[in-house]
Every structure is written in structure tokens, then in C-alpha cells.
1. For the full complex of protein chains and a 1.4 angstrom probe, list D15, D330, D20 by accessible area with the highest value first.
2. Would you tell me the accessible area of Y302, worked out with a 1.4 angstrom probe on the heavy atoms of the protein chains, in Å² to the nearest 10?
3. What does the accessible area per residue of segment 1-141 come to in Å², with a 1.4 Å probe and no ligands, DNA or RNA counted?
4. Report the Stokes-Einstein translational diffusion coefficient (µm² s⁻¹, integer) for segment 520-644, Rh taken as the Kirkwood radius over Cα pairs, at 4 °C with viscosity 1.567 mPa s.
5. Keeping all protein chains in place, calculate the accessible area per residue for segment 520-644 (probe 1.4 angstrom), answer in Å².
6. Which one, G559, T543, V529, projects farthest toward the positive side of the charge dipole computed for segment 518-566 from Cβ point charges (K/R +1, D/E -1)?
7. Between beta-carbons, use under 14 Å as the cut-off and find the net charge around A153, counting Lys and Arg +1, Asp and Glu -1.
8. Work out the FRET efficiency for S536 and K5 from their Cβ-Cβ distance, taking R0 = 45 Å, and round it to the nearest 0.05.
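The values are calculated or read from the model by the stated rules, or taken from the named source; none is laboratory data. Since the structure is predicted, the reported quantities are computational estimates derived from the model, not experimental observations. Cβ sites come from the backbone with ideal geometry, for glycine too, and all protein chains shown count toward neighbours. Heavy atoms of the whole protein, side chains included, go into the accessibility calculation; ligands, DNA and RNA do not. Shrake-Rupley method; radii C 1.70, N 1.55, O 1.52, S 1.80 Å.
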Amino acid sequence: MGQSKAEFLEQFGGDYGYPDAPRGIDDLRAAEFKRLEGMVYLDHAGATLYSEAQMTDVARDLMSNVYGNPHSQNDPSMATSDIVTSARHQVLKYFNASPKDYKCIFTSGATAALKLVGECFPWSRDSCYMYTMENHNSVLGIREYALSKGATASAVDVQEVIDPSKSHESDSMFKVSKHLNQRRGDDVLLHKYQNGSLAPISGNSLNLFAFPSECNFSGHKFNLSLVKFIKEGKFMDLPSQQQGQWMVLIDAAKGCTTEPPNLTLYSADFVVCSFYKIFGYPTGLGALIVKNEAASLLNKTYFSGGTVAASIADIDFVQKRKSIEQALEDGTISFLSISSLRHGFKIINMLTISAIARHTASLATYVRNKMLELKHSNGKNVCMIYGQTSKVNHLKMGPTITFNLKREDDTWFGYRETGCFCNPGACAKYVGLSHSDLVSNFEAGHVCWDGNDVINGKPTGAVRISFGYMSTYEDAEEFLKFLRSSFVSKPVGLNNEYMVNMDTLNLVDDWSQQALSVIRLKSITIYPVKSCQGFSVQSWPLTTGGLKYDREWLLQGLGGEILTQKKVPELSSICTLIDLELEKLFLESPKCKDKLQISLLDNLAHLSEEVDVYGQRYEVQSYGDKVNSWFSVAIGRPCTFMRCSSSKYRSCTINGGRDRLCRDTRSKLSFVNEGQLLLVSEESISDLNSRLSSSHGNGKQGVLVDAMRFRPNIVVSGSTPYNEDNWKRLRIGEAYFTSMGGCNRCQMINQYQSSGQVIKSKEPLATLASYRRKKGKILFGVLLNYEDGMEGEDDAVVERWIKVGQEVHTYLNDDLCTYIPGSFTCTRG
């Protein structure tokens, strides 16, 4: 045991690892979660993981028993009904809710349960829907039902007021700060009233207050005494029409994983949950735990099979069932999923929910504290943690940490580099985004799940990690190690730590051609079909789009998506070859008996169309059924083979110390992501491999890579590691190229083939991230654009070739370079 773990156990040993359970955390992890070996999973707030024993029990149960539709009348159906009844009682027991007072309604998830409340709640123009700022989008969505019925909606901030004279938590007081009232315009309401879709003033309004038991953004746990405080209706000065009865809804989707609301102590009217959040399986199943009195007020309009006692097809007659469960559950419930709940609860009951809360809280507290201690080399903090307060009782916070990271110059790492999720109120509140910030971000193109993570110097979201009942100290340490190696700045070293701080690297003689050593072109590779294998050549012609025929074809899925190795690893098994003399493209796949030959001269104008490829519009030509069928067999899914016939010429701007305009603004892009060509150097590959070897000092063989792992078009040798980062222009033979900057790497470089199988690993991206990160990008290799605007006297474009063995002349000039036939001159801007 290391010293760090010993110190951790000294502080948290009483809470960590289930010391009183039949099995401790190490035995549990080894026996039930073998699939996590070599992996760190920290998204338990999104979905926790199922255990092996749980799934074994589920499979054995389904293979040993016959469960029929509970709406039928036979022995298998009766067996199902018994299982469902037992499951309802088990869910109520989990929330300490008496079956005399509460009912369990099964839904497709917490979101469906919330939707059910919103649809059926008796809204009127006197009603008010109030909710805390810290709420999931699914809770905010109820607002649409309230506003459409003329009710008022309002977000609030809730602050617990500590009264030293009161010793019981149930006596807690709260300060409720209300935001602006929301209400639909009078013209809209008048129209709805005239159409009969707006409830009249009742004089006895029902209001709804919603809050989460635990915020899924910050991990803040709400004091559940808030239920009593709200139901008493004395929490703020309200207009007289809003002084009716207040009902309370608790979103326990996150909180119930470690501390389910005790409904005997805190009698909320509605509580929602999803079971995959608690024990990983089944997905698509949740519950609404509803108080009997509250259920009687819900007005469900739609009826379906199982919810009615009688109905007549050709007249307006329907009699709904009296049972609360049957009235609110539509159609046949997911009875096979419900039958699996007992197997999930088994492991929770073995560990106990209180032990799970202490175990996960100990890990989260330890990591929070360590993150707050992280400093850059200049002494500035690395982590901004949201919702964290000093000296807080660790059991008062959920096992969730939400944060953003700062560079040493106080700019933000974008959250896409490190890991927002559906809690817009908490996100805006903690990150400090005003209404104008949110609107301007949207107008700038930012929507949920996109890559716009920093706009106008402010993060648009945050990163979240969360711990589950099977998380370990080793998971926590691996995460902290990741932060230290990838985001904490270190002193710059130029001997062995190439480009640790890429922004402060000083270049030598900016105005001279580099002549330290002879750099030569070592290999040329063409990739005709995007994401398929390439082929090596000794020489190859250049066109306005770069290397002739490079990435001129691609595959498109049935839904219009572009197929790449990231989603379709089978593409990496397709071999390609172009014969310039025969003017044919040859393709071969281990899954296809025959090779495919495609003429480069085929005229497919009649099959021309426009497609969008990563934001760029292309005119493409599609092939017929024979070609498409061959590729569909090769990758195991239907697809269409397309050829780029033209793309827009576009100018290119390189971001450096200042913008540098490429000399040739007519650069044509085929189906490449950014630059026309990718260059890597053998020396950089060698340095990376030395790091990969040294990072496995535990005796394990490191995974070494060759240049082809990065899918380069040209490989050079004779330079120093990463010297290509400094090149602004280069010449190979008579061909001139402009550097577009570093190539941003993704997880695709972690895939490789072995014995015909696609293998995925963490390397080399993990190692590159530790020393090749710049402004949120992990860079390796440089992108080039061919400067093709060199015309002869007859105005015809001169075709140039590059050849293996040619000398590569590099230039460090940072200004505009102008081509003059027979020379290459650079002028100061």
C-alpha cells in the first residue's frame, strides 16, 4: 500500500470500502466488475454500472420462469402480476413510503414520470409552478404545461437559514428568493379560453413546487425539511390568488442513488426516479411515487389498454379504472424489466444505502480537496469547483464534482477538452452566465452538446465527474493523475520535454532558411477513400486539391451521416490502390470474395448531388447498386459510395501571433477534415515511442506506434523531434507548401489492427495529452496546403510531382511568402 492510500484510509477508513459488509470494495470490484480493468469510469450521475451477479440473476430468472402479459388471465400472467406487486412494494420500501399512503407508478424513466405530473396536474390561471434554479431540464419542461393553462411560473433560489436555537433538522427555516414571474401573453390565453383549452378561475388553486433532492450539477443536497416548509405555504409573500394549496415534487433521480428521500419523515406529494441510476440495469424504467391524495387530483385525459374498465367505440363513453396504478400507467408495463428490479436491489441491500453514501462521499471529498490544492508552476489555481463550500460536512454533498480548469494565464480550458449537461439553471448560476450571456451564446451558434465550450472568454458549461458504489480509491487517484499530467503546467524544458509549454517556445532565426541538417522525404501515402487503408508510392502527382485522388471518395450512411473509423472500425480493413496507367481504383476487403475495380474516368454526372461534410458543402457523384452493395458487405451496414466532384475554393487563415494569409486563396479541399496533406517526422515518432516505453516502468511492454498510426501523407526524416511545429513554408522539389499548423488528434489514433481485429487502447493519445496539448488541442504532425497557383506562360496549371528521397527545404518566415518562377522569396509585412 502506498503512502497516499495510507493517508486516505487514515482519514476516511471508517467510511470507505464497506468495512461492515460481507464483501469489501476490493473483493466486490474484482468479482463483479472485471470489465472495468484498465478503465476509470466516473459518470455515475449519468448512469451507474450493473454488477455481474445482478445480470447473472436476471438471465437465470428469465430462463427459468415464464412471465406473461399481466393484462391477461392465465398462470404466467398471474405470476407476472405477483412480481409487479412485489416490485412496487420494494420501491416504496426503498423510499420508506407506506403502501397505505403512497402508490408506485411505473414509467419509462424519471423524465416520463415528470411529464406525467405536468400533463395531469390540475393547472388553472390561479396556479403557480415554482421550481429551484438547480433543476434538470425535465423538471423545467413541466413549465410548458403550466404556462399553456394560464398558470404563473417562477424560478427561485433557496437558502437554508441556520437557527442555533433549534436542534432538529425538521425545524429548519429557508430563505426563498424569487426570480421574475413567467406568464404567457393575454392574447394567447384569450385564444385558448375561447377554444375551451384554458381552465377557468377556480377560487381554490393548486400550486406545485419542484426541487431535486440532490443537484445533478453541483452535488448540493437539499434539506428535505423544505417539503414541510413549502406545504405550509408561508415561504414568501404571494398574491392572494396564489395562496392556495401547495404540493411538492422531488426529483430524486440523482439523490436516490445514495440517499433516497424518506417519505415517512418528508411527505412529498410526488417523487420520481430512474432505476439505472441506482444499480445500472434496467434502463428505460422509472417510477413516480405519488401520495394517494395527490393522485386523486391528477386528471389524465388519454386512456389506453389496461387503464379503462369499459369503453364503446362509436359513442362517447369510457369508464376508467379506479386503481391509481392502472389509471396512470398506459398500456402494458415493461414487466420483464420490472421483474429484474429485485436483482438490482439485492446488492444495494447487501451494502446498505447508508454505507454507499459514506463510501462515495469519502471519495468525492478526497478528490475535491486534492483538486483545490492543484497549482500551476506560477502558483495559480488549476481548478474552479462549483458548489463547494469550505469545511462542509462531506455527507451534505453528493458524490459529484463539477468544475472547470484554468490555464496558468487565467484563460479557461474548454470543457470539451476535459470531458454541460441538462441543468441550465445550475449551470448559469454557478458558472456565472447572465441572461444576455446565454442568449448571445445561442446566437453565436452554441447549442447543447456542441463544441462551443468557451465563448467571449467565458465557459459555456462545465465538466462533471461522479462516483458510484463500486468506485475505488484507485479510480480517484487515476483521475487526479490525469489532471496533474495533462492540465497542470510545468517549467519549460527544451532538452527532453519538447513543447511542454508550446506558447512560450522561442524560435531561432525567424528570417532564415533552416539549414541545420538535411531533411528528406521518407515516404508518400495516398488514402483514396476516407478512413480506409492507404497505399505507399515512390512518387505521386499534385493537383489543386493536394495529392491527386487523396480522400476523393467516402462512404455515407443511410441517414446521411459520414462514415469514418470512429464509428465504423471495419473501414480500416479495406485495402485501396490506384493504378495511374490503368486509370483504375482497386479495392479489397476480407469480407468480400471479389475485388472491386472502379474506373477513374467514370462519368457519374447524372447521379450528382450536394452533401454537407463537416460544415463544408461538396458536389458529389454517387455510384450504383453494384458498388454500394460491395461496400455494404465490406463494412456490414448499408451505405452509399460517393466521389467528390468539386468543392468550394476557400481562403485559409492560420492563427498564430497574428493572422497569416495563405498565398493561394484558391486551395481546394477534398474530403479531408482541414489541411490537404498531413506531415509527420520520424524523429517525433521516435520521441513519442521513447515516452511510451518509459511510461510503462511497471514491467509491462509499452504499445509502440509507427508513423502510419497517424495516417500521414508524407513522412520526413533528418530533423529534430517536433521541429515541424515551427515550419511556416516548405519546398519539396519544385512544389511549395504552406503549414496550416498542428493536427489535432482524437481517439482514432488509439485504434490499430492485430490479426484482423480492430484493437482499441488508451495510447498513444493519453501520452500525447501529457505534453502536446495547446489551447485545448492535442497536436501531433502538421497540416499542409499545396501552393498550386503556379501557372506557366500558357496559363495552364503545371503538374508537379513529389518523390521519395527528395530534400525538404523548410522556412521559419512568419510573413507572406510570394512565389516567383525559379525562386521563393519572403518579404517582411
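1. Details: D15 40, D330 75, D20 140 Å².
Sorted by accessible area, descending: D20, D330, D15.
2. 140 Å²
3. Values: 6670 Å² over 141 residues.
Averaged over the residues of segment 1-141, the accessible area is 47 Å².
4. Working: Rh = 15.1 Å.
Rounded to a whole number, D works out at 86 µm²/s.
5. Numbers: 5710 Å² over 125 residues.
With the other protein chains kept in place, segment 520-644 gives 46 Å² per residue.
6. With unit charges placed on the Cβ atoms, the residue in question is T543.
7. Details: positive: R125, R143, K149, K178, R183, R184; negative: D126, E144.
Net charge in that neighbourhood comes out at +4.
8. Working: r = 49 Å, r/R0 = 1.10.
Once rounded, the FRET efficiency stands at 0.35.
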